[in-house]
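J.: I am attaching a structure below and will ask some questions about it afterwards.
The values are calculated or read from the model by the stated rules, or taken from the named source; none is laboratory data. If you're wondering where the values come from, they're calculated on a predicted model, not measured in any experiment. Glycine also receives a Cβ, built like all others from the backbone with ideal geometry; neighbour counts cover every protein chain displayed. Note: accessible area is taken over every heavy atom of the protein model, side chains too, but ligands, DNA and RNA are not part of it. Shrake-Rupley method; radii C 1.70, N 1.55, O 1.52, S 1.80 Å.
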Amino acid sequence: KVTEKSDIYSFGVVLLELLTGQYSVQPQNQEGDLVTWIKECIDLKRDLNEIFDSKLHINDALIVDEMILTLKIALMCTRFLPSERPTMREVVRMLASVRKPAGTERHVALNRIGVPKLKHPREEEEEEEEEQKKLTSNLDP
């Protein structure tokens, strides 16, 4: 039966195909499907380089963060129980929040549904500098 929740599952599979460069159904000698393979990789704590498409050669930490967030969205879309999958409106909101520049409410939609915020190393440095400024300004008479 085709429902909104089955469409969301399919959309999650498409996201996984884009991120991994793999087909949704693996050849018989590799056994299984893409969703199962991804979940096993995560359970086994495999390196992300083994999951993401090797043709991408990604060196930018911000892009990797965005890919991780997109992977988390895809995993939410492919949850086993349809009732646990987000609505398409939530998916669109989450995907839109992934590409917002640093310093904005970039991950708000993701945090609301239990996905941890990932910070770019530059964001952490800026926060540390701001904290240092606050500490030194308190020392000035």
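J.: Quick one: is TYR23 outside any helix (DSSP H, G or I), more than 19 Å from ARG99 (Cα to Cα), open to solvent by 60 Å² or more (accessible area, probe 1.4 Å) and not basic (Lys, Arg)?
T.: In short, yes.
J.: If you don't mind, there's one more thing I want to ask. Given the conditions (1) modelled with pLDDT of 80 or more; (2) in contact with an Asp or Glu (Cβ under 6 Å, 6 or more places away or on another chain); (3) within 26 Å of GLU4 (Cβ to Cβ), and given that VAL25 satisfies all but one, which numbered condition is not satisfied?
T.: (1)
J.: Mind checking which pairs have a first residue in segment 33-56 that is modelled with pLDDT of 85 or more and in a loop (DSSP other than H, G, I, E, B) and a second that is open to solvent by 60 Å² or more (accessible area, probe 1.4 Å) and of a type outside the set (Asp, Glu), Cβ under 9 Å, 6 or more apart or different chains?
T.: Hits for this filter: ASP53/LEU18; ASP53/GLN22.
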